[in-house]
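Asker: Pasting in a structure now, in structure tokens, and then I'll have a few things to ask.
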């Protein structure tokens, strides 16, 4: 995009306003703030008066639509210029192009004027047959054969009347295929009435039968879920499936004929033949491609939304807080790697223990852990959930119990993506002299302390909470996930004196370079004492300070407001509030109840209105509060360690690791997540699992089936809950409820695990 943003017309702005249900005034203000370099978190948090209190979702919608329509305006200008240069731009065509609000609509209008390769129609035009095509198209009176005979020309290779008429039909077929109204209608009919059909390509192997349910499959294009569409596309990409959008040709052909054929004269039959040829040879393949891309786009959007929601819930998982922690990366033959970090996440020491076969050195493992715990005042142990996780957890819990360490607790944490972090440039910079496995143990410990601070170091695609993540548009996925990380980081806030560069770079306004410069400044000058010192950091100017300062926290600094989300530009307001109460800022922060006695709206200024003042009051009520939930840990059953231990009917606690459109995956501590199909989540009707479940949530589940051979587990949540209204049921008439989704067979539920996409 150019340095000067493309201006949007009033019609386009009104269209965007209606499209995303944002008041025009707020839309214009938001666009101006974005063009000035404002970030979404900053605008949403600190410019509520300007935007009319638009939230992050609305502002991101504005940003996305702004990008789309600026691209559209750029393309519109190019198309108008191209047609103008051809001398074919009429007032009517110009009005249609200027009124178009969709990219494909503009492209349809441009299609007849778009430079193209040599076609049957262009060859016919070169032979001088366009007047004959017009004669047939306009269904003029008179003898078609006599008029066609006048176009016989041996030099132009038109030898007979039939050849002349055939060439004219090619021209008509192209005219039909390039008619914007016809294309729009056919596209609509295909999208609304078409069936997505797939079949297995004969002779091609599908070793794991991953796509068995799609060997002979059809589903309305208008209703096919994202995960099925993406699965079919993956099967086609792997050369196992062939798929298309099937629609009965009679529908679109008859509709076009009704628009074109006005008489039953001699031309009608040739028009009908040209229309049928146009649909079969030109329109259907072209629109088929467009609808397939639209379905892909829709499926991508849905899959990315699922990924974004799961990532957000994972990043906002409750932190255990500032505890000294031992992280254990379990292993059998190579032992369990152990790393100790202090309450700030600083690495202190590492070791290796061998509590399992073949060494089975329980005594040595106990001595090592006891020594580390005593020397570093360890308060918790975090155990990775990979190989030997349950065996290690069992050993640790026995050790804690037998040692009488009642204040110590252990937690199994997800190590998804930890190996990616261990081998990353970030990890090499942090711990250049440590082995990859030790880095992994450190990461596991830190994930317990603060999941957000540690997970931002890993590419979100490696965390394993996505749905067909490698099949969707990678650029859109990357943008969406980066926006999610940015949103989460700024919602929670970042400790300026302990945050790593990878965490800081997600703060509003900061780049990778400025984040690194902050760390360098901190290493050279010690702790930041106040937010204003940010201005001393190389490359961090007034604009960056404005965008970032409110999201950076300083504990025990010079100004007590630096621990809050109150922006420095609003400090004078809080100072006036404190003065009016005859208390110091320190006392106002230390005693949140004081703010309840203040008429906050009495402190309005030109730039701080009702929204800003309400936010200030809310922040002073709970200064420095972490918005994440309170930390909880699941209780694993001691008698369940492997899939073989699972029996139908067993009930236990588990942690939701992934939420998809068809169900949720739950970790019950056996190294393989189980699937809770959407039909097994709740007794009440739910359209999507995300209505009641989120990643990181602790749930109670019942085992429906477990197959150790193929490592598939089917679980139920609703089986652990009483039915609404009790067993008797209520009296009187009942309100009809939407029909719940058809419950698949247990075999189908287990087969769905073929779609498992969790990365370990």
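Asker: Which of the residues spanning region 646-674 are more than 15 Å from residue 633 (Cα to Cα) and more than 21 Å from the chain's Cα centre (by Cα)?
Answerer: Answer for region 646-674, where residues must be more than 15 Å from residue 633 (Cα to Cα) and more than 21 Å from the chain's Cα centre (by Cα): 646, 647, 648, 649, 650, 651, 670, 671, 672, 673, 674.
Asker: Pick out, from region 389-454, the helices (runs of 4 or more DSSP H) lying fully within it that include 2 or more residues that are at pLDDT below 90 and more than 28 Å from residue 697 (Cα to Cα).
Answerer: Output list is empty.
Asker: Then there is this: Surrounded by 14 or more Cβ atoms within 10 Å (Cβ to Cβ) and closer than 20 Å to residue 490 by Cβ - does that describe any residue in region 64-74?
Answerer: yes
Asker: To continue, here is another question. Out of the residues in region 181-208 meeting the condition of being within 30 Å of the chain's Cα centre (by Cα) and within 12 Å of residue 283 (Cβ to Cβ), tell me which one is surrounded by the fewest Cβ atoms within 10 Å (Cβ to Cβ).
Answerer: 184
Asker: Looking at region 466-487, which of its residues are in a loop (DSSP other than H, G, I, E, B) and either assigned by TED's automatic domain parsing to the domain that holds residue 40 or surrounded by 15 or more Cβ atoms within 10 Å (Cβ to Cβ) (or both)?
Answerer: 466, 467, 468, 469, 471, 472, 473
Asker: Please go through region 252-275 and pick out each residue that is under 44 Å from the mean Cα position of the chain (by Cα) and either crowded, with 16+ Cβ neighbours inside 10 Å or under 30 Å from residue 212 (Cβ atoms) (or both).
Answerer: Answer for region 252-275, where residues must be under 44 Å from the mean Cα position of the chain (by Cα) and either crowded, with 16+ Cβ neighbours inside 10 Å or under 30 Å from residue 212 (Cβ atoms) (or both): 252, 253, 256, 257, 275.
Asker: Among the residues of region 637-652 satisfying the criterion of being part of a loop (DSSP other than H, G, I, E, B) and at pLDDT 90 or above, which is farthest from residue 672 (Cα to Cα)?
Answerer: 649
Asker: Within region 157-170, can you find the residues that are touching a helix residue (DSSP H, G or I) at 6+ places or on another chain (Cβ under 7 Å) and either farther than 17 Å from residue 286 by Cβ or part of a loop (DSSP other than H, G, I, E, B) (or both)?
Answerer: Correct list: 158, 161, 164, 165, 167, 168, 169.
Asker: Can you tell me how many residues within region 297-312 are crowded, with 18+ Cβ neighbours inside 10 Å and in contact with a strand residue (DSSP E or B) (Cβ under 9 Å, 6 or more places away or on another chain)?
Answerer: Selection size over region 297-312: 2.
Asker: Taking the stated definitions as given, is residue 592 touching a helix residue (DSSP H, G or I) at 6+ places or on another chain (Cβ under 8 Å), within 30 Å of residue 512 (Cβ to Cβ) and surrounded by fewer than 17 Cβ atoms within 10 Å (Cβ to Cβ)?
Answerer: No, not satisfied.
Asker: For region 303-369, which strands (runs of 3 or more DSSP E) that fit wholly inside it have 1 or more residues that are in contact (Cβ under 8 Å) with a residue 12 or more places away in the chain and assigned by TED's automatic domain parsing to the domain that holds residue 430?
Answerer: 336-341, 347-353
Asker: Also, I was wondering about something else. Out of all the residues in region 682-698, is one or more under 28 Å from the mean Cα position of the chain (by Cα), in a strand (DSSP E or B) and touching a residue at least 40 places away in the same chain (Cβ under 8 Å)?
Answerer: So far as region 682-698 goes, yes, one or more of its residues are under 28 Å from the mean Cα position of the chain (by Cα), in a strand (DSSP E or B) and touching a residue at least 40 places away in the same chain (Cβ under 8 Å).
Asker: Only one of these conditions is not met by residue 578: (1) surrounded by 17 or more Cβ atoms within 10 Å (Cβ to Cβ); (2) without any contact (Cβ under 8 Å) to a residue 40 or more places away in the chain; (3) under 33 Å from the mean Cα position of the chain (by Cα). Which number is it?
Answerer: Of everything listed in (1) surrounded by 17 or more Cβ atoms within 10 Å (Cβ to Cβ); (2) without any contact (Cβ under 8 Å) to a residue 40 or more places away in the chain; (3) under 33 Å from the mean Cα position of the chain (by Cα), residue 578 misses just condition (3).
Asker: Just give me the residues in region 102-134 being over 30 Å from residue 157 (Cβ atoms) and surrounded by 14 or more Cβ atoms within 10 Å (Cβ to Cβ), in sequence order.
Answerer: 103, 104, 105, 106, 107, 108, 109, 110
Asker: Evaluate region 509-521: report whether one residue or more is within 27 Å of residue 301 (Cα to Cα) and touching a helix residue (DSSP H, G or I) at 6+ places or on another chain (Cβ under 7 Å).
Answerer: Yes; the residues of region 509-521 include at least one that is within 27 Å of residue 301 (Cα to Cα) and touching a helix residue (DSSP H, G or I) at 6+ places or on another chain (Cβ under 7 Å).
Asker: Which one is nearest to the chain's Cα centre (by Cα) among residues in region 422-454 that are touching a residue at least 12 places away in the same chain (Cβ under 8 Å) and over 15 Å from residue 327 (Cα atoms)?
Answerer: Across region 422-454, the extreme among qualifying residues is 452.
Asker: Just wondering, is there one or more residues in region 624-637 that are crowded, with 19+ Cβ neighbours inside 10 Å, touching a helix residue (DSSP H, G or I) at 6+ places or on another chain (Cβ under 8 Å) and farther than 15 Å from residue 45 by Cβ?
Answerer: Yes; the residues of region 624-637 include at least one that is crowded, with 19+ Cβ neighbours inside 10 Å, touching a helix residue (DSSP H, G or I) at 6+ places or on another chain (Cβ under 8 Å) and farther than 15 Å from residue 45 by Cβ.
Asker: Does region 226-242 contain at least one residue that is in the same structural domain as residue 190 (by TED's automatic domain parsing), farther than 19 Å from residue 207 by Cβ, modelled with pLDDT under 95 and not in a helix (DSSP H, G or I)?
Answerer: No; the residues of region 226-242 include none that is in the same structural domain as residue 190 (by TED's automatic domain parsing), farther than 19 Å from residue 207 by Cβ, modelled with pLDDT under 95 and not in a helix (DSSP H, G or I).
Asker: Search region 209-224 for residues being more than 20 Å from residue 710 (Cβ to Cβ) and surrounded by fewer than 16 Cβ atoms within 10 Å (Cβ to Cβ), and hand back the single one that is farthest from the chain's Cα centre (by Cα).
Answerer: 216
Asker: Still on this structure, I have one more. Considering region 50-71 alone, what residues qualify as being touching a residue at least 60 places away in the same chain (Cβ under 8 Å) and in contact with a helix residue (DSSP H, G or I) (Cβ under 6 Å, 6 or more places away or on another chain)?
Answerer: Correct list: 53, 56, 60, 69.
Asker: Taking the condition of being assigned to a helix (DSSP H, G or I), in contact with a helix residue (DSSP H, G or I) (Cβ under 8 Å, 6 or more places away or on another chain) and either surrounded by fewer than 16 Cβ atoms within 10 Å (Cβ to Cβ) or on the phi > 0 side of the Ramachandran plot (or both), how many residues in region 597-610 meet it?
Answerer: Residues in region 597-610 being assigned to a helix (DSSP H, G or I), in contact with a helix residue (DSSP H, G or I) (Cβ under 8 Å, 6 or more places away or on another chain) and either surrounded by fewer than 16 Cβ atoms within 10 Å (Cβ to Cβ) or on the phi > 0 side of the Ramachandran plot (or both): 3 in total.
Asker: Kindly indicate which of 248, 294, 290 is exposed (fewer than 15 other Cβ atoms within 10 Å of the Cβ), farther than 25 Å from residue 457 by Cα and outside the structural domain of residue 697 (by TED's automatic domain parsing).
Answerer: When all the criteria are applied, what remains is 248.
Asker: Give me a count of the residues in region 495-508 that are closer than 19 Å to residue 447 by Cα and in contact with a helix residue (DSSP H, G or I) (Cβ under 6 Å, 6 or more places away or on another chain).
Answerer: Number satisfying all stated conditions: 6.
Asker: I'd like to verify a number: residues in region 665-685 that are modelled with pLDDT of 90 or more and either under 19 Å from residue 414 (Cβ atoms) or surrounded by 17 or more Cβ atoms within 10 Å (Cβ to Cβ) (or both), how many?
Answerer: 11
The values are calculated or read from the model by the stated rules, or taken from the named source; none is laboratory data. Quick caveat: nothing in here was measured; it's all calculated off a predicted structure. Note that each Cβ is placed from the backbone with ideal geometry, even for glycine, and that neighbours are counted across all protein chains shown.
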